[in-house]
Protein chains: 2
Amino acid sequence: MSPSPRTIGIHLFDDVEELDAVGPWEVLGMWTRLWPEDGWRVTTFADEAGPVRCSKGLTIVAEHGEADRPGLDVLLYPGGQGTRSHEEDEARLTWVRDRLAEGTLMTSVCTGSLVYAAAGILRDRPATTHWGSIPRLSELDASIDVREHDRFVDDGEVITASGVSAGIDMALHLVARLAGNARASQVRRAMQYDPEPPVPNP
Amino acid sequence: MSPSPRTIGIHLFDDVEELDAVGPWEVLGMWTRLWPEDGWRVTTFADEAGPVRCSKGLTIVAEHGEADRPGLDVLLYPGGQGTRSHEEDEARLTWVRDRLAEGTLMTSVCTGSLVYAAAGILRDRPATTHWGSIPRLSELDASIDVREHDRFVDDGEVITASGVSAGIDMALHLVARLAGNARASQVRRAMQYDPEPPVPNP
């Protein structure tokens, strides 16, 4: 692992889904800001530092570009419309394989796992994605043990989450894994994460 | 109400809590982008257009400043450390009262309701806020019927939500109120909002 503090990097790109990135950002930001003694920090990076236009029109500023990105102990790859082109971007897929090879803990939200699948790093692993992309996950790699009904799947080196809002649950799990259940419970309380969806699913 | 499309404005300011703003943004952005025929749009505004530094260090770009802000059919006032100074900012409190007076539906997340309380617009109303700020809500206005255990409180002209993640539930309720339960259910499904907090509260 890197010298302290260890780094979690959230990847930003054109047409990233806003909550895929900012849900985990809130969880991880709350944790690392309120409990810096745990020795972790969270940052954002894109191909180039600066403004990134998200899927629903919000602009978020990436703190780092690839040129000045710190080493990543944990990578979080969000989803969104923007991942479609990533599936066929060989340079990007090589970059993903290189991160796993160097020992980065690979995490994804929503269609971020399709990029991991295209890169081949989900081979023979259990994994999930947004419900609407479940068939695509198998198309990209038939060896994946697709977990359609799991909120997130932790396979050790790789953690994948289902759609959009599932990044919040996955990030809380990540805090629990890296700093213990008691800390994750404190983070949950700080963000008052006692969800009560006011309408049923269709 | 304004000419179509009607406008929901999310207020951004220094040290706004990221998920207070982006949770509702995702809900409302999903709704208005996938179902534009409902006649609503969502935007962000700050005192001046441009980058805003949030509470946990993320930078989000406000689309409008006060100078070019569209009329607001709905205002969403997030919380965060940044609201502390707002409680004593008379110009801002007047601005809040003016919005209610012109018929804007007033909504808040987390400590956003403390600004509403300081402005006097929660007088004799039921309301809520982040659990850590419940005593402050009564301090600011003893006439408020404080609903400590409600996820959000809809009092007609004003809707207040509890802490941080509660903005997602409140925003789904807002979609239900403005476009019906069936639409809100579709939005819930699109963002796969089937939360499963992986750790208990402390």
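Bear in mind these aren't lab numbers, they're just calculated from the coordinates by the rules spelled out. The structure displayed is predicted, hence computed values, not measured ones. Note that each Cβ is placed from the backbone with ideal geometry, even for glycine, and that neighbours are counted across all protein chains shown.
From the list B:I168, B:I121, exactly one residue is more than 22 Å from B:M30 (Cα to Cα) and surrounded by 20 or more Cβ atoms within 10 Å (Cβ to Cβ). Which is it?
B:I121
Yes or no: B:D141 out of contact with any helix residue (DSSP H, G or I) (no Cβ under 8 Å at 6 or more places or on another chain), among the charged types (D, E, K, R) and either over 30 Å from A:W131 (Cβ atoms) or surrounded by 20 or more Cβ atoms within 10 Å (Cβ to Cβ) (or both)?
Judged against the criteria, B:D141 is not a match.
Can you tell me which residue is farthest from the other protein chains (Cβ to nearest Cβ) among those in the range B:71-110 that are in contact with a Gly (Cβ under 9 Å, 6 or more places away or on another chain) and over 20 Å from B:A21 (Cα atoms)?
Top of the filtered list is B:R97.
Would you mention how many residues in the range B:151-176 are more than 9 Å from every other protein chain (Cβ to nearest Cβ) and either touching an Asp or Glu at 6+ places or on another chain (Cβ under 7 Å) or not in a helix (DSSP H, G or I) (or both)?
10
On the basis of being more than 14 Å from the chain's Cα centre (by Cα), more than 8 Å from chain B (Cβ to nearest Cβ) and charged (D, E, K, R), does A:E148 make the cut?
For A:E148, the condition - more than 14 Å from the chain's Cα centre (by Cα), more than 8 Å from chain B (Cβ to nearest Cβ) and charged (D, E, K, R) - is met.
Residue pairs, Cβ under 7 Å, 6 or more apart or interchain, first in the range A:10-39 and within 12 Å of chain B (Cβ to nearest Cβ) and closer than 21 Å to A:R99 by Cα, second assigned to a loop (DSSP other than H, G, I, E, B) and among the hydroxyl-bearing types (S, T, Y). List them.
A:V16/A:S55
Test of understanding: among A:H11, A:H64, which residue is surrounded by fewer than 22 Cβ atoms within 10 Å (Cβ to Cβ) and out of contact with any Cys (no Cβ under 7 Å at 6 or more places or on another chain)?
Going through A:H11, A:H64 in turn, the sole match is A:H64.
Answer with yes or no whether B:P195 is closer than 20 Å to B:C110 by Cβ, within 7 Å of chain A (Cβ to nearest Cβ), over 13 Å from the mean Cα position of the chain (by Cα) and assigned to a loop (DSSP other than H, G, I, E, B).
yes
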